[in-house]
Amino acid sequence: MYNIAIVGATGNVGRKFIEILEERNFPIKDLFLFASKRSAGKTLSYNGKDLIVEELCEENIINKKIDFALFSAGGDISLEFAPIFVKKDAIVIDNSSAWRMDKEVPLVVPEVNPEDIKWHKGIIANPNCSTIQAVVALKPLHDKFKIKRIVYSTYQAVSGAGLQGILDLQDGIKGAEPKKFPYAIAGNVIPQIDIFLDNGYTKEEMKMIEETKKILHDDGLKITATTVRVPVLNSHSESINLEFYSEFELNDIIDTFNNADGLIVHDDPTLLKYPTPLHFDGKDEVFVGRIRRDFSTDNGLNLWVVADNIRKGAALNTIQIAELFINNK
């Protein structure tokens, strides 16, 4: 049995942590919930018990024995408090971007690079939600066919922007002005996620590019990305265009997908069968469809990939990382 701490327990992902820990019967002895001072004192339910949320501060951490600390509270909080948990011999699994590109910190998707947990120094980083679902589909292809170039085009749900992103969509349908996004999201698409960088890309686009290379252990990959916010409540969709170094048969691509962990092929144009965010909201797996050649280039392939960004893209992936430690102990 393990003692678990959730940092950012009252947020969307924090609440999903609690839900998934309960669903998967994670072997918990004690569950500690941490959040900001304004959320301290609230109660959240776990397995029929009401647990009190504590303020995240060092004095509330140092008197506890914690095995895993699951973080979803923003980069600044992670930078400040993750080392405190590590000093108390906890393994920190962090959802923010704070540690992802740190060379001393593994960036892990359990279906893709579980072996990387072996070189952790107390902190494991959870990748960006849009990166996670992409690499679940790309890793088996890269292993077998060797990818040369990737073009990402994402269609990302408002839940990826937190509660205020959801409210912007819901209130915007009623005509309210946006508070989270730079423009109305209701009836619109916004080709900007996170801030713009000097190279003209957004921070979200560069996250996908750099995180993919790190997770797939291939700095030579040529990758470009355009990330777009769409008026969908939950679950991200991605159009992924690939170019391989060698020729391939489409049947081999589908067979490779069918043998991959955490990936489900949902693809039959004759039956209008392809993944949509509405139909696969709440699912644990990554779904792939619209599998077809790109005839405009040699050895090209198009994919459509959908996954629940709060489950697989955040909370579930984090808990699966903790399960790797338990199963490999």
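The values are calculated or read from the model by the stated rules, or taken from the named source; none is laboratory data. Everything numeric here is computed off the predicted structure, so don't read it as measured data. Cβ: placed from backbone, ideal geometry, glycine included. Neighbour counts: every protein chain shown. Side chains included, ligands, DNA and RNA excluded: accessible areas come from the protein's heavy atoms. Shrake-Rupley method; radii C 1.70, N 1.55, O 1.52, S 1.80 Å.
Share of antiparallel DSSP beta bridges in the chain, in percent to the nearest 5?
Of those bridges, close to 50 percent are antiparallel.
For segment 175-196, the residues whose amide N sits under 18 Å from a probe point set 7 Å from the Cα of ARG38 along the beta carbon direction are 179-181.
Placing +1 on the Cβ of every Lys and Arg and -1 on the Cβ of every Asp and Glu, with nothing else charged, gives segment 240-329 a dipole about its Cα centre of roughly 380 debye. Multiplying each eigenvalue of the alpha-carbon gyration tensor of segment 178-301 by 5 and taking the square root yields semi-axes of 27, 21, 14 Å, largest first, rounded to whole angstroms.
How far is helix 12-23 tilted, in degrees, relative to the longest principal axis of the Cα atoms in the chain, given as a value from 0 to 90 rounded to the nearest 10? The helix 12-23 is inclined about 90 degrees to the chain.
Using a simple spin-label model with points 7 Å from Cα along the Cα→Cβ vector, what separation in nm is obtained for SER239 and LYS174? Here the modelled spin labels are 3.4 nm apart.
Indicate, rounded to the nearest 5 percent, the antiparallel portion of the DSSP beta bridges found entirely in segment 1-84. Just about 25 percent of them are antiparallel. Basic side chains Lys and Arg get +1 at the Cβ, acidic Asp and Glu get -1 at the Cβ, and with that the dipole of segment 3-46 about its Cα centre reaches some 240 debye.
Distant-in-sequence amide contacts of VAL108, defined by a placed amide H-H separation under 5 Å and a gap of 5 or more residues or a different chain, comprise ALA125. Using all pairs of distinct alpha-carbon atoms, the Kirkwood hydrodynamic radius of segment 213-266 works out to 14.4 angstrom.
Applied to segment 148-159, the Karplus parametrisation 6.51 cos²θ - 1.76 cosθ + 1.60 on θ = phi - 60° returns per-residue 3J(HN,Hα) values of 9, 9, 10, 10, 9, 10, 10, 10, 9, 5, 5, 4 Hz, with x for Gly and Pro.
The length gained by stretching the chain between SER246 and LYS146 to full extension, at 0.36 nm per residue less their Cα-Cα distance, is 35.2 nm.
Couplings for segment 250-256, taken from phi via the Karplus curve 6.51 cos²θ - 1.76 cosθ + 1.60 with θ = phi - 60°, read 4, 4, 5, 4, 5, 4, 5 Hz in order; Gly and Pro are left as x.
Students often get this wrong, so try it: which of [x] 33, 24, 18; [y] 44, 20, 18; [z] 45, 35, 16 is semi-axes √(5λ) of the Cα gyration tensor in Å as calculated from the structure shown? Label of the calculated value: [x]. Each of ASN95, ASN63, ALA322 was scored by the projection of its Cα onto the charge dipole of the chain, and the greatest displacement toward the positive side belongs to ASN63; charges sit on the C-beta of Lys, Arg, Asp and Glu. Here is the size of segment 1-73 from its Cα atoms: Rg then Dmax, 11.1, 31 Å.
With θ taken as phi - 60° and the Karplus curve 6.51 cos²θ - 1.76 cosθ + 1.60 applied, the whole-hertz 3J(HN,Hα) list for segment 199-210 is 7, x, 8, 8, 4, 4, 5, 5, 4, 4, 5, 6 Hz, x standing for glycine and proline. Legend: calculated FRET efficiency, VAL86 to LYS29, from the Cβ-Cβ distance at R0 = 30 Å, rounded to 0.05, equals 0.90. Over the residues of the chain, the helix contribution to mean residue ellipticity at 222 nm works out to -8500 deg cm²/dmol, using -39500 (n - 2.57) for each DSSP H run of at least 4.
Taking 0.36 nm per residue of separation and subtracting the current Cα-Cα distance, fully stretching the chain between HIS279 and MET1 would add 96.5 nm.
Accessible surface of ARG293, taken over heavy atoms with a 1.4 Å probe and every protein chain present, rounds to 80 Å². Looking at segment 133-284 alone, DSSP beta bridges between its own residues are antiparallel in about 60 percent of cases. With the convex hull drawn over the C-alpha atoms of segment 250-329, the volume per residue is 123 Å³. Each peptide in 47-59, 253-265 was scored by the mean count of other Cβ atoms within 10 Å over its residues; highest first, the order is 253-265, 47-59. Which one, VAL158, THR224, ALA307, projects farthest toward the positive side of the charge dipole computed for the chain from Cβ point charges (K/R +1, D/E -1)? It is VAL158, whose Cα lies furthest towards the positive end. Exceeding 30 Å between C-alpha atoms, which entries from my cross-link table qualify? They are LYS118/LYS139; LYS29/LYS118; LYS146/LYS273; LYS139/LYS179; LYS42/LYS312. Long pairs (Cα-Cα over 30 Å): LYS139/LYS179.
Distant-in-sequence amide contacts of PHE32, defined by a placed amide H-H separation under 5 Å and a gap of 5 or more residues or a different chain, comprise ILE4, ALA5, ILE6.
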